[in-house]
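What follows is a set of notes on a single structure, which appears directly below.
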Amino acid sequence: MQLNDQLQAVRQAARVVKVAAQIARRQRALQHAARRMPRPVPWEWAAPRLMPLLARPSFDDPDAPIVRHQSDLGPSVEFGMDIGGLFLIVDQPVADRWECSSTQLMARAMANLRDRAARLMPTTVVPGVMSGWPIRVVRDRPAWASSLILDLDSLTRLFGSHDQVLAAARTNCLVSVPVDIPERIAAAIAVDLEGSGEESLFLDPFVLESGTLSWGGNTPDADLDRWTS
């Protein structure tokens with residue numbers, strides 16, 4: 001028993017070190033990419049690069065709060081300037097300089113999302129198996145994969161219009177599982193794909209049922225339990 005505890009502690013420490021290294025690499029890459037940007041960033045440069053991103057857990061800088069917008073689906077959205085698969089998040093001072101409201105940013109970001117999603121091939125969605133259940137997933141590329149959940153037409157073109165449960169595990173990861181999957185297994189799959197990095201979203205699941213997409217964060221528990229048994 002003591003040996004098992006020690007092995008578990010070693011594995012947990014290894015995961016922490018791995019995540020810390022990933023975050024450090026990402027920050028270095030972001031700083032390098034940011035040095036190539038025009039300063040200050042003009043709206044004309046930023047507009048075609050603006051993407052809607054499901055908001056990650058975070059706390060704002062009081063002097064530069066992040067601009068967020070409540071999506072029609074429910075989850076809060078923030079706006080990232082795509083610089084080669086990395087995102088610089090738009091804060092309020094930048095939005096004020098562009099003279100853009102969150103509604104205006106959302107409109108342009110959604111237009112960009114639809115344009116980019118239309119260029120994705122069906123093979124972007126990769127089938128697999130986890131915990132004995134079939135899954136389909138988009139991960140790593142594109143870096144904004146989870147944002148597909150924000151546009152129903154783009155979502156169903158790639159994942160299909162049949163009933164299914166979807167989890168936005170990370171900014172760059174969206175997974176679909178069968179609608180009749182047990183809740184505990186769906187949760188385990190989502191947690192496994194989320195990991196513990198800074199891209200993890202920790203959102204309630206989304207349910208596509210009879211052509212209607214809903215978010216668990218807006219759904220009473222009794223209604224959400226319809227796809228679990």
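The distance between label points at residue 141 and residue 179 comes to 3.3 nm (points 7 Å beyond Cα on the Cα→Cβ vector).
Per-residue counts of other Cβ atoms within 10 Å, averaged by peptide: what ranking do you get for 164-170, 174-180, highest first?
Working: 164-170: 24.7, 174-180: 21.0.
Per-residue Cβ counts within 10 Å, averaged per peptide and sorted highest first, yield 164-170, 174-180.
Applying 1/(1 + (r/R0)^6) with r as the Cβ-Cβ distance of residue 157 and residue 45 and R0 = 30 angstrom yields a FRET efficiency of 0.50. For residue 163, the residues whose modelled amide H falls within less than 5 Å of its own, excluding neighbours fewer than 5 places apart on the same chain, are 210.
No value in this document is a laboratory result; all are computed from the given coordinates. Fair warning: this is a prediction, and the values are worked out from it, not measured in the lab. Every residue, glycine as well, gets a Cβ built from its backbone with ideal geometry; the counts of neighbours run over all protein chains shown.
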